[in-house]
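Rule-based calculations on the coordinates, nothing more; no lab input. Keep in mind the model is a prediction, meaning the values are calculated, not measured. Here the Cβ positions follow ideal geometry from the backbone for every residue, glycine too, while neighbour counts run over all protein chains shown.
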Amino acid sequence: MDNICCGIIDLASKVCNITSGLLGGKRLKFPREPRPRTLMRLNVLRELQQPLGATSTYDVAESVLRLADVRLEGLSGLLRLLRTDRGLLISLAGSALMREECARCLKEVKCEVRIDFEEEYIPIIDPRTGARVRVSDLDVFRIGPDFVMDLAEGLRQYVLMAEPAKPLCDSACAGLCPTCGADLNAGPCGCPPLNDERWRTLAGLKNDREGS
């Protein structure tokens, strides 16, 4: 087992409480850093030091949130952190708006996305011993050695799965003319209707019956 630090780092005070080792019980002080301001990056040292089953909840309210190539507006919900035997089980139940293109007329449309996020995050460093925490699952989300948990990528993956496959500006959207590209919601464009070749045989049978 690798020991990253022979003491426990208290990130709130930026003090490393050395209990043994070469420094003989001295206290190392680190420069103070501001607490992360975004809810997507949380310092969870306090939550990791809680007993098994302890929970913490936070109200989420973000007017604009960027997750790499995903932009959310008006994100609101409830964030819940549950202490597990390995780390923290993170749950986020909420909703947000995404800017999409209408699948028919290509106009910009805002779509509501329901978010039901739940993933376990495991620390790289044990907050009590300073030892490295090894896991066999390489796809699991990790909490950094500074005990800052970054939710951005996990949330981004859930949002992409939740976004509508074919967003529409309106269920009655007429779309674009396949010939000239005009927006048919504004009215007819004047192009002659296209004949679907797949129906030509049936149309011929209909004409034969009418002529007999």
Subject >> Sparsely packed trypsin sites (Lys or Arg not before Pro) within region 108-146, loop by DSSP, other Cβ within 10 Å at most 15 >> reply: R128, R134
Original post:
Ranked highest first by the average count of other Cβ atoms within 10 Å around their residues, in what order do 103-109, 160-166 fall?
Top reply: 103-109, 160-166
Original post:
To the nearest 20 debye, what charge dipole does region 36-173 have about its Cα centre, counting +1 at the Cβ of each Lys and Arg and -1 at the Cβ of each Asp and Glu?
Top reply: 260
Original post:
In Å, the Kirkwood hydrodynamic radius of region 36-173 over pairs of distinct alpha carbons?
Top reply: 16.4
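For region 116-181, what is the Kirkwood estimate of the hydrodynamic radius, computed as the reciprocal of the mean inverse distance between distinct Cα atoms, to one decimal in Å?
With all distinct Cα pairs of region 116-181 included, I get 15.8 Å.
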Original post:
Which shape class applies to region 49-92: rounded if a/c is under 1.5, otherwise prolate when a/b exceeds b/c and oblate if not, where a ≥ b ≥ c are the square roots of the Cα gyration tensor eigenvalues?
Top reply: prolate
